[in-house]
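One structure below.
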Amino acid sequence: MFAMKTDRLTYEEKKELPDDVFGLPERREYPMPDAAHVRAAEAYFRYCPEELKPRLARAILERAKLYGVDIGSVSILSYAGKSV
């Protein structure tokens, strides 16, 4: 697991992250190497292209579980197919 010093990633830090910490790995968008970034992905979820939202929602919930983050977004839960 990666631990970031802040909730902001520099270009160099983002470049060094493995694909599997990104919500959309093929685009290397929505990095979630720690709990702070899971919360940021939740906050920026609304900017995700509509067709990618179900996949991003599932990735956010998976990473949230890993870091013990409670996701309260009805939108994310709905796109992930979880009952709200």
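Key figures
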read-out	value
Whole-angstrom gap from region 44-84 to region 24-40, using each part's C-alpha centre	12
Qualifying GluC sites (Glu not before Pro) for the chain [loop in DSSP, other Cβ within 10 Å: at most 15]	Glu26
Using alpha-carbon coordinates, inclination of helix 35-44 to the longest axis of the chain, degrees	50
Added length on full extension, which subtracts the Cα-Cα distance from 0.36 nm per residue, Asp20 to Arg58	12.4 nm
Cα-based helix-to-principal-axis angle, 53-67 vs the chain, degrees rounded to 10	60
Lys pairs under 27 Å by Cα in the chain, provided they are eight or more residues apart or on distinct chains	10
Average accessible area per residue (Å²) across the chain - probe 1.4 Å, nucleic acids and ligands excluded	65
The chain - mean residue ellipticity at 222 nm from DSSP helices (-39,500 (n - 2.57) per run, n ≥ 4, rounded to 500)	-12500 deg cm²/dmol
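The values are calculated or read from the model by the stated rules, or taken from the named source; none is laboratory data. None of these values were measured; they are calculated from a predicted model. All Cβ positions, even for glycine, are placed from backbone atoms using ideal geometry, and neighbour counts span all protein chains on display. What goes into the accessible areas is simple: the full protein's heavy atoms, side chains included, and nothing from ligands, DNA or RNA. Shrake-Rupley method; radii C 1.70, N 1.55, O 1.52, S 1.80 Å.
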